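Structure, as C-alpha cells:
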Amino acid sequence: QVQLVESGGGLVQPGGSLILSCSASGSTFSAYAMGWYRHAPGKQRELVADITTGGSTYYADSVKGRFTISRDNAKNTVYLQMNSLKPEDTAVYYCNGRRGSAYSWGRGTQVTVSS
C-alpha cells in the first residue's frame, strides 16, 4: 500500500489561501485515485475533492470554485489549492489514496481559518 504524508496546513485569515501537499511512497502512485477529506470538530468527515488516475475531478459543493485538486505523478504528490478560505473550512485535512479495495490514509494536517 501507498504511504501518505500531508503538509502545508496552518493558520490563515478569512479570504486567504493555502496549498496542501500529500506525498506518497511505497507503491505506484499513478495507479491510485486520490482524495482530500476533512474532519471538523462535531462534524462528520467530509470528502472535499477527488482526482482519478485519469485526472477527472470531483468537488464538494461547499468548496466548488474555491478549491482545486491536482496531481503530479512524477513527484508522487497530490495537491489541494485552497482559495477564498472561510472559517467553516477549519478542519483537519486528510489525504486518501485508493486502488481497488485498498485504502491508505495520511495522518492529517490542521487548517485553521481565523482572524
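Below is a table of values for the structure above.
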read-out	value
Breaking point among (1) farther than 13 Å from Leu80 by Cβ; (2) open to solvent by less than 30 Å² (accessible area, probe 1.4 Å); (3) in contact with a Lys or Arg (Cβ under 7 Å, 6 or more places away or on another chain), for Ile51	(1)
Qualifying residue in region 73-85 (condition: small (Gly, Ala, Ser), within 17 Å of Ser21 (Cα to Cα) and surrounded by fewer than 17 Cβ atoms within 10 Å (Cβ to Cβ))	yes
Close pairs (6 angstrom Cβ cut-off, 6 or more residues apart or separate chains): under 28 Å from Asn73 (Cα atoms) and in contact (Cβ under 8 Å) with a residue 60 or more places away in the chain in region 11-26, polar (S, T, N, Q) and surrounded by 18 or more Cβ atoms within 10 Å (Cβ to Cβ) anywhere	Ala24/Asn76
Checklist (1) aromatic (Phe, Trp, Tyr); (2) more than 17 Å from Val12 (Cα to Cα); (3) modelled with pLDDT of 95 or more applied to Tyr103, failing item	(3)
Every residue from region 17-44 that is open to solvent by less than 20 Å² (accessible area, probe 1.4 Å), in a loop (DSSP other than H, G, I, E, B) and under 20 Å from Phe67 (Cα atoms)	Ala40
Subset of region 62-72 that is open to solvent by less than 60 Å² (accessible area, probe 1.4 Å) and of a type in the set (Ser, Thr, Tyr) - its residue that is farthest from Gly35 (Cα to Cα)	Ser62
Which listed residue is small (Gly, Ala, Ser) and assigned to a strand (DSSP E or B), from Ser115, Ser104, Ser84, Ser62	Ser104
Unique residue being crowded, with 21+ Cβ neighbours inside 10 Å and either out of contact with any strand residue (DSSP E or B) (no Cβ under 6 Å at 6 or more places or on another chain) or hydroxyl-bearing (Ser, Thr, Tyr) (or both) when the list is Tyr93, Tyr59	Tyr93
Subset of region 30-79 [touching a residue at least 60 places away in the same chain (Cβ under 8 Å) and either farther than 23 Å from Val113 by Cβ or touching a Cys at 6+ places or on another chain (Cβ under 8 Å) (or both)]	Ala31, Tyr32, Ala33, Met34, Gly35, Trp36, Tyr79
Unmet requirement for Gln1, which otherwise passes all of (1) touching a strand residue (DSSP E or B) at 6+ places or on another chain (Cβ under 6 Å); (2) outside any strand (DSSP E or B); (3) modelled with pLDDT of 95 or more	(3)
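The values are calculated or read from the model by the stated rules, or taken from the named source; none is laboratory data. Bear in mind the structure is a predicted one, so any value in this text is a computation, not a measurement. All Cβ positions, even for glycine, are placed from backbone atoms using ideal geometry, and neighbour counts span all protein chains on display. When the accessible area is computed, the model is the full protein with side chains, heavy atoms only, and any ligands, DNA or RNA have been set aside. Shrake-Rupley method; radii C 1.70, N 1.55, O 1.52, S 1.80 Å.
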